Amino acid sequence: MNWIVSIVTLLIVILIGAMFYAMPWLTRPTIPLGVSIPSTRVGDPAVTGAVKWYRIGMVSVTLGAVVVGILGAALAPLASALLPILVILAGTLTVYLTSRRRIQQAKRDGDWYHDVPVRLAATVTTAGRPRVAPALGWYVAGIIVLMAAIVIGAAIYDSLPNPLPVHWNADGVADRFAAKDLWSVFGPILLGIGVVAFLFVLAVLMPRWPVRAVASDSPEVSARLAVAQLTLMQELLGQLAFLIALEFASVAVVGWLAPDSPTVILVATLALPLLLFALIVLFLVRYRRATVAARAGVPVSAGSAGPTDAPRPEAPDDDRFWKAGSVYVNRADPALVVPKRFGVGWTVNLGHPVGIALAAVILLVVLGAIVWGAAAGSHPHA
């Protein structure tokens with residue numbers, strides 16, 4: 001079963017590499033690799049060279065992580081599961097920082113904003129931000145899946161062994177047991193309900209957060225972008241909630257009904273990462289298309305670009321408030337969330353008290369998921 005762990009790990013590595021490789025394609029051309037530049041410098045050789053270097057670096061790092069994973073699989077399961085992830089994360093950070101430094105250096109040396117007319121072209125926060133409702137159907141479907149798992153668990157509860165196997169090693173053999181009780185049996189389901197509920201609350205609150213508008217976009221473009229991006233983000237959150245519910249439900253049901261079936265374990269382990277991979281790739285493609293269409297002044301559903309908007313004034317986003325081009329800290333900005341410089345969607349303002357609290361909650365959820373996943377080992381039941 002060690003090869004299952006390796007395959008899942010390599011899928012994660014490839015997904016991370018593909019996502020970061022696509023980032024320059026998804027961000028505004030005036031903030032390549034998170035560095036604010038004038039529109040006249042978009043095609044500057046320093047910019048195109050840095051982006052090219054970044055992409056070559058991401059391909060190299062991803063291939064290196066895959067090779068490390070393959071070699072690790074031949075040595076030890078732990079190496080094949082952890083080393084590729086560490087390589088891709090450390091390599092991505094290194095490639096990103098070294099590549100963007102090239103643009104920063106050229107920007108400083110050439111004083112790119114010297115004599116460039118700059119003025120504020122939009123409000124600090126988006127007025128009348130559209131209230132795009134959560135994709136309720138996905139959350140309902142996720143809860144239905146989890147409730148169905150509870151019904152199955154209740155029906156077979158008396159026949160479950162005591163002690164109950166709660167962890168399987170890489171060979172699919174139970175190596176940890178717990179006394180049969182409500183938590184050991186239904187714990188994964190309750191965790192799944194909690195995560196789905198958290199994502200739903202996030203989806204409800206997201207349209208209500210004050211977001212700083214992009215000054216170089218006209219009010220019309222800002223409105224179209226807000227609708228398009230919020231709609232896609234709401235769909236993504238709902239779909240993630242459903243996949244997570246499906247994961248937790250399968251975790252429980254597989255552990256109850258087929259703890260010794262390698263075929264069932266294989267399907268439960270590989271199917272969901274593949275679905276997640278497909279979901280994220282599809283989202284990135286749709287996000288890019290929607291963003292281009294919104295800025296071109298045509299409906300998101302249209303298949304071709306229309307007339308472009310009139311040129312807007314330069315509106316540099318002060319680099320000093322962006323740490324490494326990704327983390328925003330500005331106590332003077334009333335916006336709770338701001339458009340990302342490098343990436344998709346928005347990021348919290350860590351200079352805002354609520355932003356700090358929100359970031360802490362998200363971090364705790366992520367760490368909890370990592371701890372739970374590590375405890376689960378290579379089998380989909382924990």
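The values are calculated or read from the model by the stated rules, or taken from the named source; none is laboratory data. Note that the structure is predicted; figures quoted are calculated from it, not measured. Neighbour counts run over all protein chains shown; Cβ positions are idealised from the backbone, glycine included.
Before moving on, here are some points about what is shown:
- Within the range 33-49, tally of residues that are of a type outside the set (Gly, Ala, Ser), farther than 18 Å from residue 97 by Cα and modelled with pLDDT under 90: 4
- Residue 126 meets the conditions (1) touching a strand residue (DSSP E or B) at 6+ places or on another chain (Cβ under 6 Å); (2) of a type in the set (Val, Ile, Thr); (3) modelled with pLDDT of 90 or more in every case but one. The failed one is (3).
- Failed condition for residue 109, given (1) at pLDDT below 90; (2) surrounded by fewer than 12 Cβ atoms within 10 Å (Cβ to Cβ); (3) not assigned by TED's automatic domain parsing to the domain that holds residue 335: (1)
- Selection within the range 1-46 - of a type in the set (Val, Ile, Thr) and more than 22 Å from residue 327 (Cβ to Cβ): 4, 5, 7, 8, 9, 12, 13, 14, 40, 42
- 3 or more residues among the small types (Gly, Ala, Ser) and more than 22 Å from the chain's Cα centre (by Cα): qualifying helices (runs of 4 or more DSSP H) within the range 1-115: 45-75, 77-110
- Scoring residue 139 on the criteria (1) under 32 Å from the mean Cα position of the chain (by Cα); (2) surrounded by 15 or more Cβ atoms within 10 Å (Cβ to Cβ); (3) at pLDDT 85 or above; (4) closer than 30 Å to residue 41 by Cβ leaves a single failure, condition (4).
- Evaluated against (1) at pLDDT below 80; (2) surrounded by 19 or more Cβ atoms within 10 Å (Cβ to Cβ), residue 230 falls short on exactly one condition, (1).
- Qualifying positions in the range 318-361 - closer than 18 Å to residue 205 by Cβ and among the aromatic types (Phe, Trp, Tyr): 346
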